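The values are calculated or read from the model by the stated rules, or taken from the named source; none is laboratory data. Note that the structure is a prediction, hence the values are computed from the model and not measured. FYI the Cβ positions are ideal-geometry reconstructions off the backbone, even for glycines, and counts take in every protein chain you see.
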Ligand code: HEM
């Protein structure tokens, strides 16, 4: 203990930082959580909301109400961690419990998953978590050779459609991507294309099921519903799960047939019952992977469009020269050689991580440290990280608010990967059965690189505009023009 200026004793953390009370408060019960919710969704936006609390309290660790708040949530009170250092407490399974924290302060009705709790809602101390995570590693490893060809099939078809439509006007990317992302993910994991087996409505069935889980986090469903009505509709009571039951049944049949051999592996190699394996396979494919790609692709497109022709030219040069030297094929080795392409993907994930928030309950009384201060947290309190601020920490990233395409190129650039957190862990760490890091981490990075490579093998440049957010969750991107490549390097993989 040291004495402060006014003579009172000041406590220090084991690493020597002064321990202070966490600033901020939860306000008036009932009223403040509603007031905060409206600011989060409608008046300030997610970034504005977290920034304003950090600024007002002059601290990157702060108490606040996390929307959707009362009625849907058990308890909206959280401790927000908003800098690159304090955020890392959420990666330590010995410090945080992540049971039922996947969607934050509420849990969707379990009838959406046939009454089971999918892996993403399980804590590392639950035995089933470890068996399911091992199953996810098996799935990803056994299907890895299919990722490049299935991506090529789904996204070549998307770009064919863009080209066919663009002569008659701007083309929205998101609707097309919804279908391609679902076709790609199912084909990559199961070897079957849902739009061919179920029909063109397949991805809508998955989208409705996703909406019934995520509506408390969504906003701006359509411009035709005024926000006060939308707030009542989306953020106050769970929408009836039965709205998704018919579509889910169809998905269940599809996964049951197409996933037969994976389900056998799940039973024989990992001791999982068919029911648990089936509903987790549906969740991993249709939620974790599909919803991730549904949001991630528009984000990548947004930053590529924003960077403009100069960056496009550099990417064209890098991608085409590497592909030429790989006999005209995009391979895993070829992608690994594309330094600028790799950096662009990490930079987009740094600025706009597709899953913005992570949550966990303190397992014991603990101390959280920001760069200059330490804070005591009580056992059971909920900690909430907001990645977009943690990864724009000026103490770690120079010009943190700017898209710097080559930020992660070279040895110095690679050192910064330690602070890229989109997967619920540093980019330099790998997912294991003992942590809650995304098992799809390597696949996501691969798919991001594939997307950029395909785009610039096909086009010399393109223009697209960012036209607001869809459901407050993904940027709406609209293609204005594409300039086809002067030389065609690959026709089929
Ligand atoms: C752009 C795409 C993706 C993003 C942004 C993403 C992000 C994340 C994040 C942030 C988490 C941690 C959530 C939490 O506990 O707070 C997570 C967990 C998880 N992700 Fe991903 N993910 C993506 C794609 C995938 C893919 C392709 C798979 C394929 C299997 C996958 C499977 C999972 C699973 C099973 C978990 C739960 C892990 C556990 O409980 O230990 N994700 N993901």
Could you figure out which of (1) surrounded by fewer than 17 Cβ atoms within 10 Å (Cβ to Cβ); (2) under 25 Å from the mean Cα position of the chain (by Cα); (3) not in a helix (DSSP H, G or I) isn't true of residue 233? (3)
Which condition number does residue 460 fail, the rest of (1) within 28 Å of residue 326 (Cβ to Cβ); (2) surrounded by fewer than 18 Cβ atoms within 10 Å (Cβ to Cβ); (3) within 16 Å of the ligand (Cβ to nearest atom) being met? (3)
So residue 380, is it on the phi > 0 side of the Ramachandran plot and in contact (Cβ under 8 Å) with a residue 12 or more places away in the chain: yes
Quick test for you: out of 33, 29, 68, pick the one residue that is outside any helix (DSSP H, G or I) and surrounded by 15 or more Cβ atoms within 10 Å (Cβ to Cβ). 68
Taking the range 402-431 as the search range and keeping residues that are without any contact (Cβ under 8 Å) to a residue 24 or more places away in the chain and in a loop (DSSP other than H, G, I, E, B), which one is farthest from residue 133 (Cα to Cα)? 402
Leading residue by the ranking (farthest from the ligand (Cβ to nearest atom)) among those in the range 271-289 that are surrounded by fewer than 23 Cβ atoms within 10 Å (Cβ to Cβ) and under 11 Å from the mean Cα position of the chain (by Cα): 287
For residues that are more than 8 Å from the ligand (Cβ to nearest atom) and surrounded by fewer than 20 Cβ atoms within 10 Å (Cβ to Cβ), tally how many sit in the range 434-450. 4
So residue 35, is it away from the ligand (no atom under 16 Å from the Cβ), modelled with pLDDT of 95 or more and farther than 28 Å from residue 374 by Cα: yes
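Residues checked against (1) within 30 Å of residue 31 (Cα to Cα); (2) within 14 Å of the ligand (Cβ to nearest atom); (3) surrounded by fewer than 23 Cβ atoms within 10 Å (Cβ to Cβ); (4) modelled with pLDDT of 95 or more:
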| position | (1), (2), (3), (4) |
| --- | --- |
| 74 | yes, no, yes, no |
| 80 | yes, no, no, yes |
| 84 | no, no, no, yes |
| 146 | no, yes, yes, yes |
| 150 | no, yes, yes, yes |
Any residue at all in the range 339-354 that's more than 20 Å from the chain's Cα centre (by Cα) and more than 15 Å from the ligand (Cβ to nearest atom)? yes
Restricting the first residue to the range 124-139 and requiring it to be over 12 Å from residue 435 (Cβ atoms) and at pLDDT 95 or above, which pairs with a second residue that is assigned to a helix (DSSP H, G or I) and more than 10 Å from the ligand (Cβ to nearest atom) meet a Cβ separation below 7 Å and a spacing of at least six or different chains? 131/270; 134/270; 135/266; 135/270; 135/277; 138/265; 138/269; 139/262
Just one of (1) closer than 16 Å to residue 441 by Cβ; (2) surrounded by 21 or more Cβ atoms within 10 Å (Cβ to Cβ); (3) out of contact with any helix residue (DSSP H, G or I) (no Cβ under 9 Å at 6 or more places or on another chain) trips up residue 139, so point out which. (3)
